[in-house]
1. Going by what's in this entry, would Leu506 be described as in contact with a Pro (Cβ under 9 Å, 6 or more places away or on another chain), open to solvent by less than 30 Å² (accessible area, probe 1.4 Å) and of a type in the set (A, V, I, L, M, F, W, C)?
2. Look at the range 146-194 and say how many of its residues are of a type outside the set (S, T, N, Q), more than 16 Å from the ligand (Cβ to nearest atom) and outside the structural domain of Phe85 (by TED's automatic domain parsing).
3. Out of Val446, Val457, report the one residue that is open to solvent by 60 Å² or more (accessible area, probe 1.4 Å), out of contact with any Ser or Thr (no Cβ under 8 Å at 6 or more places or on another chain) and not assigned by TED's automatic domain parsing to the domain that holds Gly332.
4. Might you let me know whether the range 136-145 holds any residue that is surrounded by fewer than 18 Cβ atoms within 10 Å (Cβ to Cβ), farther than 30 Å from Val393 by Cβ, of a type outside the set (Lys, Arg) and within 16 Å of the ligand (Cβ to nearest atom)?
5. Only one of Ala171, Ala154, Ala140 is touching a helix residue (DSSP H, G or I) at 6+ places or on another chain (Cβ under 7 Å), free of Cβ contacts under 8 Å to residues at least 40 places away in the same chain and small (Gly, Ala, Ser). Can you tell me which?
6. Could you list all residues from the range 271-297 that are outside any strand (DSSP E or B) and either of a type in the set (Lys, Arg) or open to solvent by 40 Å² or more (accessible area, probe 1.4 Å) (or both)?
7. Can you name every residue in the range 22-43 that is open to solvent by less than 30 Å² (accessible area, probe 1.4 Å) and either hydroxyl-bearing (Ser, Thr, Tyr) or more than 16 Å from the ligand (Cβ to nearest atom) (or both)?
8. Tell me the residue from Asp398, Asp375 that is in a loop (DSSP other than H, G, I, E, B) and either crowded, with 18+ Cβ neighbours inside 10 Å or in contact with a strand residue (DSSP E or B) (Cβ under 6 Å, 6 or more places away or on another chain) (or both), please.
Amino acid sequence: MRFFPLLALLMGFFPALAQEPGKHELAPCGTPPGLDPFLLEYLAYPEQFVEERSSDTLKLGVQIHLLARDNGTGRFSPGQLLDAFCRLNLDFADTRIRLYFKNEWNLINNTGWYQHQTIPQGIDMMLTNNVEGALNSYFAANVAGNCGYNLPYAGVAMSHGCSGPNDHTWAHEVGHNLSLPHPFIGWEGKVYSFANPTPDTLTYDYTYFHDTIDTQIPAPLDTALVEYVDGSNCAIAADLICDTKPDYLSYRWDCDNQGKSLVQQKDPTGATFFSDGTLFMSYSFDKCANRFSDEQITIMRAALLNKKPDWLTDEQPQGDIEGTPTLLAPIGGQLSPTVGTVLQWSSVPNATRYVVQMSRFSNFSIRELDVVTSDTTWALGNLVANQNYYWRVRPFNDWYVCTTLSPSATFKSAVVVSTSAPDAEGWRCYPTLLTAGQPLTMETPVGWLHHSVQCSVYDAMGRMVWQSNQLVGSDRTLLHLPSASWAAGTYRLVVLHEGGVKTVPLVVAR
Ligand SMILES: [Zn+2]
């Protein structure tokens, strides 16, 4: 089990993504056409790549990079990433390749990369940020006008607009990364027409890919044979993979309820057929695609085992997660201070991290908080007074993200400001207006670190109602008072330390 340093990713406030291009405005894929050298190696001597234990799950590490503008806005939210990663693993379930978050997510603020117009900008982004030993995946608002693309030897770029919970572009691009071509290779950028005779060969059209890719990869013009319906040339035509049938459609296309294209095509011999839209590597609509072919699966596994073994781990996966956390405080419309309110929830078995969302809208359409933490508490910043707030929590770990958000809880921020400036030594305690279950935050001078203090609370009659010895472990200590069992009224906190005594009045509200 790896140790996670305190992870607190402030993802910031993000407005609706309406200004970003939707998937129907984007080119499906910007991966340049071509046959991966490993694919050619594999197909020449497939017997050299037979797996001894092909039923083993291959555990593939993924490095996530989340782009935002220079000012930190616009980033793909934690929940969106978890939904996309859940879908990716569902799409790969039949391959016996399981993908996991290898490292912490890399947050990058760079407007130029966040909405890059050209592939060379994406190359620059990847060469600058790639991490060794993992499949690097980048999420940005615009990835050169595509839903996604894969750069050989670099990584995968994904647009936010094509990374929804039911989209398969990520699976498609990871397929490219693991040596798979399009089944319609050669037709990229060309329009098939049933009315014209179908040619026997096609030349890969690199210029379609934003006319700059061929300056990056000095590839010679390659020629592809057009695949026949009868399978007679399947091993030397198109993608060279025989269990992916002919497909000449290089634009986004719709399918019937069998997953077949609505467009009828004709091979060079005159035989007619419909394309197979169930393949992730085709350009069919997301609703049509649900699989890799058996041969595609064998090739991807061989590519991983032979060319990218350092992306694989023998590490034991973290366990699956069931259920959601119970929200502990503040809940039930409780009145909470505008300063010092701490969200608290129960831990969930196997969860190592939590997404925490808070909004002033019950539908969470605009979120004031959308963060990831490894704790089961989150100390809020200043709240707007006299407002309803809603919050909820989603558990996950590096291996299991197909989880859901908890039901939301609500609280109301108080009208009263219940804090004061630190005293001359730098000590203060807040909020002084307490609601049931809310901890107090005590800020302490540097000299108190690693020393014990005795904290006591007295009621208005001078009776001690609580006492606890606390070790000061940082400049902020949370004091968990059993205030839920106290009557409303005034109290006094007394903190005894080596140098003397600090006191502050408290008000318990109901
Ligand atoms: Zn593609």
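The values are calculated or read from the model by the stated rules, or taken from the named source; none is laboratory data. Keep in mind it's a predicted model, so treat the numbers as computed, not measured. Every residue, glycine as well, gets a Cβ built from its backbone with ideal geometry; the counts of neighbours run over all protein chains shown. Note: areas computed on protein heavy atoms with side chains; ligands, DNA, RNA excluded. Shrake-Rupley method; radii C 1.70, N 1.55, O 1.52, S 1.80 Å.
1. yes
2. Residues flagged as of a type outside the set (S, T, N, Q), more than 16 Å from the ligand (Cβ to nearest atom) and outside the structural domain of Phe85 (by TED's automatic domain parsing) within the range 146-194 amount to 3.
3. On the way: Val457 fails: open to solvent by 60 Å² or more (accessible area, probe 1.4 Å).
The match here is Val446.
4. Among the residues of the range 136-145, at least one is surrounded by fewer than 18 Cβ atoms within 10 Å (Cβ to Cβ), farther than 30 Å from Val393 by Cβ, of a type outside the set (Lys, Arg) and within 16 Å of the ligand (Cβ to nearest atom), which makes the answer yes.
5. Working: Ala171 fails: free of Cβ contacts under 8 Å to residues at least 40 places away in the same chain; Ala140 fails: free of Cβ contacts under 8 Å to residues at least 40 places away in the same chain.
Answer to the selection: Ala154.
6. Phe285, Lys287, Asn290, Asp294, Glu295
7. The answer is Gly22, Thr31, Phe38, Tyr42.
8. Checking each option against the conditions leaves just Asp398.
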